[in-house]
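One structure is given here, and the rest of the page talks about it.
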Amino acid sequence: VSQMPSLQHASLSLRGQPRRVSACHGLKMAVKVLASESDLDSTVAAAGSQLVIVDYSTTWCGPCKIVAPKFEALSDKYPQAAFFKCVGDSSPEATKLMKREGIKSVPAFHFWKNGNKVEIIAGANVAAIETAIKDNL
């Protein structure tokens, strides 16, 4: 009787080297999903003085795909901030949120603190995103 390989074996590359295990294996993701206007409103209200950063993107956007892992890395580097993403074409509710927030091009990054929007960055400018994080923490 053959046995299923363990998760430990599944996390090795073909060359036997360790590789990063994805969040689907139970690891907590640092960037959380906002899917509606009420998600954003409750998140911003609950955050209080904590910096909230929202990455607005779509599934078809090339620059969004390029900046996504860098945004994830920033969430690891600055755990005192709360990182979120909204994928506009994932649902009608997400599209409605992006329209309400005035998103005209993606990626776009909105920064919230104390219930107020304090910064907006349009485009995949990682240096500007990190500067805005540092300036608003």
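No value in this document is a laboratory result; all are computed from the given coordinates. Treat the numbers as computed from the prediction; the structure is a model and nothing was measured. Here the Cβ positions follow ideal geometry from the backbone for every residue, glycine too, while neighbour counts run over all protein chains shown.
Dividing the mean sequence gap of close Cα pairs (under 8 Å, 6+ apart) by how many residues the stretch 53-137 holds gives a relative contact order of 35 percent. Based on Cα contacts under 8 Å between residues 6+ apart, the stretch 87-137 shows a relative contact order of 23 percent.
Between THR59 and LYS96, the contour length at 0.36 nm per residue exceeds the alpha carbon distance by 11.7 nm. With both labels modelled 7 Å from their Cα along Cα-to-Cβ, the LEU137 to ASP41 distance reads 3.2 nm. When the stretch 35-137 is described by a simple charge dipole with +1 on each Lys and Arg Cβ and -1 on each Asp and Glu Cβ, the residue from ALA94, VAL106, LEU74 located farthest towards its positive end is VAL106. Between amide H atoms placed 1.01 Å from N, distances below 5 Å from ASP89 occur with THR59, all of them 5 or more places distant or on a separate chain.
Could you please report the charge total around ILE121, scoring K, R as +1 and D, E as -1 over all other residues with beta-carbon less than 12 angstrom from its beta-carbon? Local charge sum for ILE121: -3.
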